[in-house]
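As structure tokens, the structure follows; a few thoughts come after it.
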Amino acid sequence: MATIKELVDQIIEDGVLTREEHDTFIEQVHADGQIDEEESEQISRLFRLIQDGTLKVVDEEREKAESLRRMDLEKKLKGS
């Protein structure tokens, strides 16, 4: 299994944090029931990257639903 730092490196590689990546990260951080110094550093690292805009948090399901609603609205507007 990858270290927590390696996991964070993989997450930030594409500049996007998905729900699945978030869940994997949280699961690994809480695996032993304690947050050690390395895990704390990586949590802070993720927060800094999100705060400065380097890492974007996305919810793919929400984005799909919003896209479908926009397309539906556009069809309705064209039909009017």
(request) Compute the distance in nm between two label points, each set 7 Å from the Cα along the Cα-to-Cβ direction, one at ILE50 and one at MET71. (result) 2.9
(message) Could you give each residue of the range 21-28 its phi-based ³J(HN,Hα) in whole Hz, using Karplus coefficients 6.51, -1.76, 1.60 with θ = phi - 60°, and x for Gly or Pro?
(response) 5, 4, 4, 5, 4, 4, 4, 5
(message) Give me, ordered by chain and number, the residues 5 or more places off VAL16 or on other chains with an amide H under 5 Å from its own placed amide H.
(response) LYS56
(message) Which one, GLN34, ALA2, PHE47, is farthest towards the positive end of the dipole of the chain when Lys and Arg carry +1 and Asp and Glu -1 on their Cβ?
(response) PHE47
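By the scheme Lys and Arg +1, Asp and Glu -1, what is the net charge of all other residues having a beta-carbon under 12 Å from that of ILE12? Spell out each step's value before the answer.
On the way: positive: LYS5, ARG45, ARG48, LYS56; negative: GLU6, ASP9, GLU13, ASP14, GLU21, ASP52.
Taking every other residue near ILE12 into account, the sum is -2.
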(request) Specify which labelled value, from [x] 59, 25, 17; [y] 33, 23, 20; [z] 38, 22, 22, agrees with Cα extents along the principal axes in Å derived from the coordinates of the model shown. (result) [x]
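Starting with the highest mean, order 64-74, 44-54, 7-17 by the number of other Cβ atoms within 10 Å, averaged over the residues of each peptide. All intermediate terms of the calculation are to be shown ahead of the outcome.
Details: 64-74: 10.2, 44-54: 12.2, 7-17: 15.2.
The densest-packed peptide leads the list: 7-17, 44-54, 64-74.
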(request) With label points built 7 Å along Cα→Cβ from the Cα atoms of ASP9 and GLU60, find their separation and express it in nm. (result) 2.4
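All of the numbers you see were taken from the coordinates with simple rules; none came from a lab. All figures in this text were calculated on a predicted structure; none of them were measured in a lab. Virtual Cβ from ideal backbone geometry, glycine too; neighbours counted across all protein chains shown.
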